[in-house]
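What follows is a set of notes on a single structure, which appears directly below.
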Amino acid sequence: MINKGTGWDIEKVRRDFPILREQVYGKPLTYLDNAATTQKPQIVIDTLTQYYAKENANIHRGIFCLSEQATKRYKSARHKVQGFLHAASDQEIIFVRGTTEAINLVAHCYGKTFLKPGDEVLIPHMEHHSNIVPWQILAEQNGIKLKVAPINDQGELMMEEFVKLLTDRVKFVSVVHVSNALGTVNSVKEIVRLAHAKGIPVLVDGAQAVAHTSVDVQDLGCDFYAFSGHKLLGPTGVGVLYGRKELLEKMPPYQGGGDMIRSVSFEKTVYNDLPYKFEAGTPHIAGVIGLGAAIDYISGIGLDRIEVHEQELLKYGTKKLLEVPGLRIIGTAKQKSAILSFVLGEAHAHDIGTILDRQGIAIRAGHHCAMPVMQRFKVPATTRASLAFYNTVEEIDRMVAALHEVTEVFQ
Ligand code: PMP
């Protein structure tokens, strides 16, 4: 059926994802854990198979046909990421293992070099552990201080408090674009504007944003932007760090090894140009090429249409969930992505997850690697449905019907 808002046929879109035809316990798979990882379209799977079956060779090394071809495809994927993020140059695109590695790279290379003992790094209270712990490690090793900006009961960053905390001692701001635990969309552009007014660089964790809204790093004005391929229909083990050239050039390398050098002798080693300076060793070539295919695919679908569809699902899902007796949604920000985190009466999230699993419904139960968010809302865990553009109203109905059954079990 053609959707009026998006103009596409959701059943046709779903046919691109072979896993969506699978059954679990004899029930159709209802996959609602897209914040953990997204499913892969056939074209991404085929690209990976094709690479390993017919094109496998190391890059930047061989003078033979296959190696040149692999190098070309690797380079072309970098160019695709540049276009996808609207970065000024493909030298600003560094391939890493994922969001976690990208943030650790910045904490390590920028933090250890440019932050001094007593300098502060400011983060909002809603961050994923991967945007907390690298800064805590830096605090232990380099004596910097981690400062946390509070969030309100809706799960929104309290901007007035954030501004108050943005003192002269703050030398770095790191902020999530979209919270994986709450769905909150942060006003990143405004945060960057405020920080830059004081000369403070900003890193944006885009793990939950890139598959749901279009991102323009130049428009946002951020200094670093991180995301993972596997949350963008691509393979695991590959991700991207965008960094402004001027900063990347000043930063020392992350790891030493092959490819990141121009020349090596025991007396002196000269590092390679960007982006290679930050890509030591053989990278995840297949993953990068697969990520390129994922970007082509999602761009073909269109992030504008994806946003329309997912916002429709969010609105519908929110309404239906609130009809379940005793259900409370955690994360009710005005600007919200299609993430539905909730608690249900006395039922534990893991029990809810298990009951739903038996019906083929995959949702997440736990702290979502955001324990401080759970502490803020005084809950041990939440159950979370996180939606993607291939999800349907029928799948939400299936989840909600199962939740009504949960309430009967726990009455
Ligand atoms: N940040 C956010 C907001 C996330 O949701 C995640 C993944 N759950 C990460 C960072 C870490 O991503 P990865 O495990 O792919 O490195």
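Output the residue which, of all residues in region 205-224 that are under 11 Å from Ser174 (Cβ atoms) and within 16 Å of the ligand (Cβ to nearest atom), is surrounded by the most Cβ atoms within 10 Å (Cβ to Cβ).
Asp205
Looking at Val81, Val106, Val175, Val133, which is the one that is under 22 Å from Lys198 (Cα atoms), within 16 Å of the ligand (Cβ to nearest atom) and either without any contact (Cβ under 8 Å) to a residue 12 or more places away in the chain or out of contact with any Leu (no Cβ under 6 Å at 6 or more places or on another chain) (or both)?
Details: Val81 fails: under 22 Å from Lys198 (Cα atoms); Val106 fails: either without any contact (Cβ under 8 Å) to a residue 12 or more places away in the chain or out of contact with any Leu (no Cβ under 6 Å at 6 or more places or on another chain) (or both); Val133 fails: under 22 Å from Lys198 (Cα atoms).
One residue alone meets the criteria, Val175.
Can you name the residue in region 62-81 that is surrounded by 13 or more Cβ atoms within 10 Å (Cβ to Cβ) and β-branched (Val, Ile, Thr) and, of all such residues, is modelled with the lowest pLDDT?
For region 62-81, the residue satisfying everything is Thr71.
Filter region 237-266 for residues that are within 16 Å of the ligand (Cβ to nearest atom) and touching a strand residue (DSSP E or B) at 6+ places or on another chain (Cβ under 8 Å) and give the result.
Taking region 237-266 and keeping what is within 16 Å of the ligand (Cβ to nearest atom), we get 237-242, 254.
The answer is Val238, Gly239, Val240, Leu241, Tyr242.
Is there a residue in region 167-185 that is modelled with pLDDT of 95 or more, open to solvent by 20 Å² or more (accessible area, probe 1.4 Å) and of a type in the set (Val, Ile, Thr)?
Scanning region 167-185 turns up at least one residue that is modelled with pLDDT of 95 or more, open to solvent by 20 Å² or more (accessible area, probe 1.4 Å) and of a type in the set (Val, Ile, Thr).
Of everything in region 340-361 that's touching a Ser or Thr at 6+ places or on another chain (Cβ under 7 Å), open to solvent by 10 Å² or more (accessible area, probe 1.4 Å) and outside any helix (DSSP H, G or I), which residue is farthest from the ligand (Cβ to nearest atom)?
Only one residue fits best here, namely Gly345.
Could you tell me which residue of region 92-103 is farthest from Glu249 (Cα to Cα), considering only residues that are open to solvent by less than 50 Å² (accessible area, probe 1.4 Å) and in a helix (DSSP H, G or I)? Reasoning before the result, please.
To start, the set of residues in region 92-103 that are open to solvent by less than 50 Å² (accessible area, probe 1.4 Å) comprises 92-96, 98-99, 101-103.
Those left that are additionally in a helix (DSSP H, G or I): 92, 99, 101-103.
Details: Glu92: 10, Thr99: 20, Glu101: 19, Ala102: 16, Ile103: 17 Å.
Result: Thr99.
List pairs: first residue in region 5-30 and modelled with pLDDT under 95, second residue among the hydrophobic types (A, V, I, L, M, F, W, C) anywhere in the structure, Cβ distance under 6 angstrom, at least six positions apart or on different chains.
Gly5/Val308; Thr6/Val308; Asp9/Ile2
If you check Ala365 against the conditions, is it touching a Gly at 6+ places or on another chain (Cβ under 6 Å) and open to solvent by 10 Å² or more (accessible area, probe 1.4 Å)?
On the way: touching a Gly at 6+ places or on another chain (Cβ under 6 Å): yes; open to solvent by 10 Å² or more (accessible area, probe 1.4 Å): yes.
Taking the combined requirement at face value, the residue satisfies it.
Residues of region 362-386 being within 14 Å of the ligand (Cβ to nearest atom) and not in a strand (DSSP E or B), which ones?
His367, His368, Cys369, Ala370, Met371, Pro372, Val373
Does region 42-56 contain any residue that is among the small types (Gly, Ala, Ser), part of a loop (DSSP other than H, G, I, E, B) and either within 16 Å of the ligand (Cβ to nearest atom) or out of contact with any helix residue (DSSP H, G or I) (no Cβ under 9 Å at 6 or more places or on another chain) (or both)? Lay out the reasoning, then the answer.
Let us first name the residues in region 42-56 that are among the small types (Gly, Ala, Ser), namely 53.
Applying the additional criterion that residues be part of a loop (DSSP other than H, G, I, E, B) yields none.
Within region 42-56, not a single residue is among the small types (Gly, Ala, Ser), part of a loop (DSSP other than H, G, I, E, B) and either within 16 Å of the ligand (Cβ to nearest atom) or out of contact with any helix residue (DSSP H, G or I) (no Cβ under 9 Å at 6 or more places or on another chain) (or both).
Testing Gly118 on (1) under 30 Å from Arg61 (Cα atoms); (2) outside any helix (DSSP H, G or I), one condition comes back false. Which one is that?
(1)
Of all residues in region 213-258 being assigned to a helix (DSSP H, G or I) and aliphatic (A, V, I, L, M), which is farthest from Glu279 (Cα to Cα)?
Within region 213-258, the subset assigned to a helix (DSSP H, G or I) is 217-220, 229-232, 245-250.
Subset that is aliphatic (A, V, I, L, M): 217, 220, 232, 247-248.
Values: Val217: 21, Leu220: 25, Leu232: 21, Leu247: 16, Leu248: 12 Å.
The residue in question is Leu220.
Which condition from (1) of a type in the set (S, T, N, Q); (2) within 16 Å of the ligand (Cβ to nearest atom); (3) open to solvent by 50 Å² or more (accessible area, probe 1.4 Å); (4) in contact (Cβ under 8 Å) with a residue 24 or more places away in the chain is the one that Thr113 breaks?
Failed condition: (2).
Would you pick out the residues in region 86-103 that are more than 16 Å from the ligand (Cβ to nearest atom) and out of contact with any Lys or Arg (no Cβ under 8 Å at 6 or more places or on another chain)?
Just the residues of region 86-103 that are more than 16 Å from the ligand (Cβ to nearest atom), to begin with: 86-93.
Hits for region 86-103 are His86, Ala87.
Can you find a residue that is free of Cβ contacts under 8 Å to residues at least 40 places away in the same chain, open to solvent by 10 Å² or more (accessible area, probe 1.4 Å) and of a type outside the set (Phe, Trp, Tyr) anywhere in region 229-241? Quick ask: steps written out before the conclusion?
So in region 229-241, the residues free of Cβ contacts under 8 Å to residues at least 40 places away in the same chain come out as none.
Checking region 229-241: not a single residue is free of Cβ contacts under 8 Å to residues at least 40 places away in the same chain, open to solvent by 10 Å² or more (accessible area, probe 1.4 Å) and of a type outside the set (Phe, Trp, Tyr).
Picking from Val188, Val202, Val192, which residue would you name as being open to solvent by less than 10 Å² (accessible area, probe 1.4 Å), at pLDDT 95 or above, under 16 Å from the mean Cα position of the chain (by Cα) and of a type in the set (A, V, I, L, M, F, W, C)?
Details: Val202 fails: under 16 Å from the mean Cα position of the chain (by Cα); Val192 fails: under 16 Å from the mean Cα position of the chain (by Cα).
From the options Val188, Val202, Val192, the qualifying one is Val188.
In the list Val393, Val409, which residue meets the criterion of being closer than 19 Å to His212 by Cβ and open to solvent by 30 Å² or more (accessible area, probe 1.4 Å)? Show your work before the answer.
Details: Val409 fails: closer than 19 Å to His212 by Cβ.
When all the criteria are applied, what remains is Val393.
Test of understanding: among Ala35, Ala88, Ala53, which residue is of a type outside the set (Asp, Glu) and open to solvent by less than 20 Å² (accessible area, probe 1.4 Å)? Break it down stepwise before answering.
On the way: Ala88 fails: open to solvent by less than 20 Å² (accessible area, probe 1.4 Å); Ala53 fails: open to solvent by less than 20 Å² (accessible area, probe 1.4 Å).
None of the others qualify; the one that does is Ala35.
The values are calculated or read from the model by the stated rules, or taken from the named source; none is laboratory data. Nothing here was measured: the structure is a model prediction, and the numbers come from that model. For neighbour counting, all protein chains shown are included, and Cβ atoms are generated from backbone atoms with ideal geometry for every residue, glycine included. We work out accessible area using only protein heavy atoms, side chains counted, and drop any ligands, DNA or RNA first. Shrake-Rupley method; radii C 1.70, N 1.55, O 1.52, S 1.80 Å.
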